[in-house]
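Take this structure first; my questions come after.
The values are calculated or read from the model by the stated rules, or taken from the named source; none is laboratory data. What you see is a predicted model; the values in this text were computed from it and never measured. Note that we place each Cβ from the backbone using ideal geometry, even for glycine, and neighbour counts take in every protein chain shown.
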Amino acid sequence: MEPRQLQGDLGSRRFDLDWVRIGAFLLLILYHVGMYYVTWGWHVKSPAASHAIEPLMMLTSPWRLSLLFLVSGVATAYLLSRTHQGFLKSRSIRLLVPLVFGMLVIVPPQSYLEVVEKLNYPGGYLGFYRLYLAAYHGFCRGSDCLIVPTYNHLWFVAYLWIYTLALYAIVRLAPRLIPMLRRAAERWLSGLGILIVPAAYLAAARLYLSWVFPSTNMLVNDWYNHAVYLAVFLLGFTLAATTAPWNALERLRWHSLGLAVLGWAADCAFMSLYSHGITLSSHWAIAFMFVIYGTQQWLAIAAVLGFARRHLNRDNPARRYLTTAIFPVYILHQTVIVVVAHALKPAQIYPPVEGLLLVLVTLATCLLGYEIVRRFKLLKPLFGLAVERRSRVLREAARPLPLTRVACGVPEDLN
């Protein structure tokens, strides 16, 4: 089966999903700045960390990464619609090279500052880096030990590569399955089903898996996350060549938004109880909150996709620039946040002002990094950027003619 027959009619480029991807990564920057100020565990912590902004964090916490995996599934469908030849090699270069580079160069400062702040590590960075590369297991606080080397925020890249392998295996071994799934999606996800079916699945995953396999982002034994992220990745791939589900998402966007906001309010109320030392003793109450979380997870995604399709399916220079810039920005952002936050600590800046400064410095530094990277061919693969190849016409024009043909005055393209 040919790639285009397999993929179906994907139509023109989905500018709305480009904007969704850009927005989701920018939200990630805001979220990781926020992690510095909340009580949840993170690499470094503000002395002013509190519960204050945790409800705001919960606005995106349940769904932002699932949304990225769904959009990645759609993008993979477009890539595979071109050709199967060289697909795995191309995707591996675009994902694994930045992952390895990130683990060796970008991520280590995060781990270093983490042991400095949490364990009062007295050594310098170079001494720490030697231990980092040697997989030293002595950075411990009780039974909690820092695993090095690590990928930290780049776990998304590792998971995406694994899911791409799984999807490619399905496409190659069971090619007829994809058109069948798309026909089923057109039939069953064309109305309220686009809200009910994915929400029911994510609620069930939350209810039955999250308490057995808590989130680790460590690939192994992270079955709740795999059940969520792989499923939405495959869903994105399946929906790529459909029409009715996207129309339904656009049509039901206000319903999705309203229900997602209600779910967020319930999640915040649940968190508030725990922050005040009040626990729910009833298993039914806990199960209900798990269902609310999983349901809200999909409804928020549905709202984002619906509003984006309605209002953002358009091109402009900002989209073209940010579409290319966003992956290098993602690779750099968390290290910039950790380093700058640690450096600003002695200044004791008022937290809201410091937070705004962190966001602005992070964005400026990451975009400057992108501007540097895109100008050097050797740096591009390290940050997931494609290296442009000269077109065949230019290569042919630059190639010298054989001496015998030049001597005879015969053009190279003639026999």
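Here is a yes/no grid of residues against (1) surrounded by 16 or more Cβ atoms within 10 Å (Cβ to Cβ); (2) small (Gly, Ala, Ser); (3) in contact with a helix residue (DSSP H, G or I) (Cβ under 7 Å, 6 or more places away or on another chain); (4) modelled with pLDDT of 95 or more:
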{"residue": "LEU68", "(1), (2), (3), (4)": "yes, no, yes, yes"}
{"residue": "GLY73", "(1), (2), (3), (4)": "yes, yes, yes, yes"}
{"residue": "TYR78", "(1), (2), (3), (4)": "yes, no, no, no"}
{"residue": "GLY86", "(1), (2), (3), (4)": "no, yes, no, no"}
{"residue": "LEU99", "(1), (2), (3), (4)": "yes, no, yes, yes"}
{"residue": "VAL107", "(1), (2), (3), (4)": "yes, no, yes, yes"}
{"residue": "GLN110", "(1), (2), (3), (4)": "yes, no, yes, yes"}
{"residue": "LEU113", "(1), (2), (3), (4)": "yes, no, yes, yes"}
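Assess whether GLY138 counts as being loosely packed, with under 13 Cβ neighbours inside 10 Å and either touching a strand residue (DSSP E or B) at 6+ places or on another chain (Cβ under 9 Å) or β-branched (Val, Ile, Thr) (or both).
Taking the combined requirement at face value, the residue satisfies it.
List the helices (runs of 4 or more DSSP H) inside segment 144-253, counting only whole elements, that have at least 2 residues being touching a residue at least 40 places away in the same chain (Cβ under 8 Å) and under 20 Å from the mean Cα position of the chain (by Cα).
In segment 144-253, the matching helices (runs of 4 or more DSSP H) lie at 155-173, 193-209, 223-239.
Scan segment 329-357 for residues that are under 25 Å from LEU99 (Cβ atoms) and in contact (Cβ under 8 Å) with a residue 40 or more places away in the chain and report the count.
12
Here's a check for you: in segment 24-66, which residue that is among the aromatic types (Phe, Trp, Tyr) and part of a helix (DSSP H, G or I) is surrounded by the fewest Cβ atoms within 10 Å (Cβ to Cβ)?
Among them, the one singled out is TYR31.
Yes/no matrix, rows are residues, columns are (1) crowded, with 20+ Cβ neighbours inside 10 Å; (2) over 30 Å from LEU80 (Cβ atoms):
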| residue | (1), (2) |
| --- | --- |
| PRO179 | no, no |
| ILE194 | yes, no |
| LEU219 | no, no |
| TYR229 | yes, no |
| LEU259 | yes, yes |
| MET271 | no, yes |
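What pairs can you find where one residue is in segment 41-53 and more than 12 Å from GLU117 (Cβ to Cβ), the other is among the hydroxyl-bearing types (Ser, Thr, Tyr) and outside any loop (DSSP other than H, G, I, E, B), and their Cβ atoms are less than 8 Å apart, with a gap of 6+ or different chains?
Close Cβ pairs (under 8 Å, with a partner that is among the hydroxyl-bearing types (Ser, Thr, Tyr) and outside any loop (DSSP other than H, G, I, E, B)) amount to HIS51/SER275.
Going by the conditions given, is TYR151 of a type outside the set (A, V, I, L, M), modelled with pLDDT of 95 or more, under 30 Å from SER90 (Cα atoms) and surrounded by 14 or more Cβ atoms within 10 Å (Cβ to Cβ)?
So TYR151 fits the description; yes.
Which residue out of GLY294, GLY263, GLY258 is without any contact (Cβ under 8 Å) to a residue 12 or more places away in the chain and farther than 26 Å from ASP18 by Cβ?
Exactly one of GLY294, GLY263, GLY258 is without any contact (Cβ under 8 Å) to a residue 12 or more places away in the chain and farther than 26 Å from ASP18 by Cβ, namely GLY258.
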